[in-house]
């Protein structure tokens, strides 16, 4: 497990800039839910949605950010699932 702070507005409304999330590094098999991904050298928090054929839709809560697909049947070194988001906290 690890704890990190969310930066940015791509998940605004679900996870906001400055929220704290708990990541379960034992959950790296893509399933439907919130995950932390490494894309090149960037960490992203996104909702994953499985679709047939080993494809995963990567979805932002903020509609300004387009959905994209990752083919996990043909993995590349520039994409990895870091872990599933298990909890979040927010200052009020």
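The values are calculated or read from the model by the stated rules, or taken from the named source; none is laboratory data. Quick caveat, the model's predicted, so the values are computed rather than measured. In this analysis, Cβ positions are derived from the backbone assuming ideal geometry, glycine residues included, and neighbour counts consider all displayed protein chains.
Consider residue 85 carefully, then state whether it is more than 11 Å from the chain's Cα centre (by Cα) and surrounded by 13 or more Cβ atoms within 10 Å (Cβ to Cβ).
So residue 85 does not fit the description; no.
Taking the criterion of being more than 12 Å from the chain's Cα centre (by Cα) and at pLDDT 95 or above, the only residue of the range 51-62 that qualifies is 62.
A residue that is surrounded by 12 or more Cβ atoms within 10 Å (Cβ to Cβ), within 13 Å of the chain's Cα centre (by Cα), farther than 21 Å from residue 1 by Cα and without any contact (Cβ under 8 Å) to a residue 60 or more places away in the chain cannot be found anywhere in the range 26-42. The selection criterion, being surrounded by 17 or more Cβ atoms within 10 Å (Cβ to Cβ), within 13 Å of residue 23 (Cβ to Cβ) and in contact (Cβ under 8 Å) with a residue 12 or more places away in the chain, does not hold for residue 58.
Taking the range 3-38 as the range and being at pLDDT 95 or above and closer than 10 Å to residue 82 by Cα as the test, the residues that pass are 23, 24, 25, 26, 27, 28, 35, 36, 37, 38.
Using the structure shown, decide if residue 20 is on the phi < 0 side of the Ramachandran plot, in contact (Cβ under 8 Å) with a residue 12 or more places away in the chain and surrounded by 11 or more Cβ atoms within 10 Å (Cβ to Cβ).
For residue 20, the condition - on the phi < 0 side of the Ramachandran plot, in contact (Cβ under 8 Å) with a residue 12 or more places away in the chain and surrounded by 11 or more Cβ atoms within 10 Å (Cβ to Cβ) - is met.
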